[in-house]
Amino acid sequence: MEFQLSDEQRHLRDEVRRFADEEIRPIATEHDVNESYPHEVMEKAAEMGLLAPHVPVEYGGVGYSALENAILTEELFAADPGIGLCVSSAGFGAEAIMGFGSEDQKERILPAVTAGDAIMGSAISEPQAGSDVTSVATRAEKDGDKWVINGSKMWITNGTVADYFVVVCETDPDIEDRYTGFSQILVEGDRDGLTTEKITGKLGIRASDTAELVFDDVRVPEENLIGQRGMGFLQLMEFFDETRTAVAAQGVGIARGAAERALAYAEEREQFGRSIADFQAIKHKLAEMHTDTEAARWLTYRSAWAVDNEPGDLTALASMAKEFASRVAVDVADEAVQIHGGAGFVNDHDVERFYRDAKITQIYEGTTEIQKNIVARELLDEGI
């Protein structure tokens, strides 16, 4: 087995770490407190080729592999999960365009996203449809050569800043098969009838824009349909293993960021006349935090490698990585606050923010409970 990153991958890691340290860390608290979107960072990230870098070169991207995306995601989230998510989510929905979109859709949208001229959003969840995607009630009906969309979406990343949304709609309600009858339709952010409302007061990732979308007779041309009508749910499922691996990388980044800050604080903080890092209780915490982070990293790398090399055997592995890395993120951030003591309870120190940010990794892209169900299903039905 090869456990060593290539020279190019190490260079990528170092360059993204430098960018994150210089451009993200100094402003992270400001954007968290203000719940503000970091437009200035996004411009610089575009110059670095960090926006939708998995997009192929012919459409303006860098063409990074899933493993390389995991490496850069870890670096961004170790600096700040909120702004890290802004950068890593600029191309939300691009997978649908890349995998099923028309040539016109690819040429029109993907280069704009990678250049930083446009932001995408993936509109799936609804007030009554979360883990059960087949409960989606947003309806799209044909009217001549137009799709007319009505409904609402909730918890949509990039909701008030996106230029394009990939919207999951029910297009064939009379079909009895619960997994067909849904389609993905491209909706431009400035269409008449589309309104967005920013969601504030979030526990964490407060720099990332989250919104509710309301579609009131939103009309888009029929060519905005992505791929085949009625296949939207199955299209979504094709990319969940990849996106769950990406969330695992987020968890690794959060855990590493919290563990590094806890180590630095333990070495400088003194009690009873010596550094608290000298106490066995703190040593054990630090040892467990860094060990768990390393374990999560390599499970995530294994899943990322499988995205590109073993896609047929990926489902259980991706859910294992997502569930484990998100759990490690929450646990390590918790211990980082504990090591900081009272100082970790206020935002003078980053661990307070990491503690809040970590929780979302156990919720989006499939909750912890859903991941365990998937792993168990794969074990019982197919083995691994």
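The values are calculated or read from the model by the stated rules, or taken from the named source; none is laboratory data. All values derive from a computational prediction rather than experimental measurement. In this analysis, Cβ positions are derived from the backbone assuming ideal geometry, glycine residues included, and neighbour counts consider all displayed protein chains.
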>> Any residue that is surrounded by 19 or more Cβ atoms within 10 Å (Cβ to Cβ) and within 18 Å of the chain's Cα centre (by Cα) - is there at least one of those in segment 180-198?
In response: no
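Restricting attention to segment 63-99, report how many residues are small (Gly, Ala, Ser) and either in contact with a Lys or Arg (Cβ under 9 Å, 6 or more places away or on another chain) or in a loop (DSSP other than H, G, I, E, B) (or both). Steps first, answer last, please.
Residues of segment 63-99 that are small (Gly, Ala, Ser), as a first pass: 63, 65-66, 70, 78-79, 82, 84, 88-91, 93-94, 96, 99.
Imposing the further condition that a residue be either in contact with a Lys or Arg (Cβ under 9 Å, 6 or more places away or on another chain) or in a loop (DSSP other than H, G, I, E, B) (or both) reduces the set to 63, 65, 70, 78-79, 82, 89-90, 93.
Selection size over segment 63-99: 9.
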> In segment 6-57, how many are in contact (Cβ under 8 Å) with a residue 60 or more places away in the chain, outside any helix (DSSP H, G or I) and touching a helix residue (DSSP H, G or I) at 6+ places or on another chain (Cβ under 7 Å)?
Replying inline: 5
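Please return the ranges of helices (runs of 4 or more DSSP H) entirely within segment 293-384 where 3 or more residues are assigned by TED's automatic domain parsing to the domain that holds GLU268 and surrounded by 24 or more Cβ atoms within 10 Å (Cβ to Cβ).
Once the helices (runs of 4 or more DSSP H) in segment 293-384 are filtered for at least 3 residues that are assigned by TED's automatic domain parsing to the domain that holds GLU268 and surrounded by 24 or more Cβ atoms within 10 Å (Cβ to Cβ), what remains is 315-340, 350-358.
When you check ASP190 against the structure, is it closer than 20 Å to TYR37 by Cα, free of Cβ contacts under 8 Å to residues at least 40 places away in the same chain and assigned by TED's automatic domain parsing to the domain that holds THR210, yes or no?
Working: closer than 20 Å to TYR37 by Cα: yes; free of Cβ contacts under 8 Å to residues at least 40 places away in the same chain: yes; assigned by TED's automatic domain parsing to the domain that holds THR210: yes.
So ASP190 passes the test.
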> Before we move on, is ARG10 surrounded by 14 or more Cβ atoms within 10 Å (Cβ to Cβ) and basic (Lys, Arg)?
Replying inline: no
> So which of ALA118, ALA45, ALA90 is among the small types (Gly, Ala, Ser), crowded, with 19+ Cβ neighbours inside 10 Å and within 15 Å of the chain's Cα centre (by Cα)?
Replying inline: ALA90
>> If I ask for residues that are crowded, with 18+ Cβ neighbours inside 10 Å and not β-branched (Val, Ile, Thr), which ones from segment 61-76 would you list?
In response: GLY61, TYR64, ALA66, LEU67, GLU68, ASN69, ALA70, LEU72, GLU74, GLU75, LEU76
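Can you say whether ALA52 is in contact with a strand residue (DSSP E or B) (Cβ under 6 Å, 6 or more places away or on another chain) and in the same structural domain as PHE19 (by TED's automatic domain parsing), as far as the supplied structure shows? Outline the logic, then answer.
Details: in contact with a strand residue (DSSP E or B) (Cβ under 6 Å, 6 or more places away or on another chain): yes; in the same structural domain as PHE19 (by TED's automatic domain parsing): yes.
The answer is yes for ALA52.
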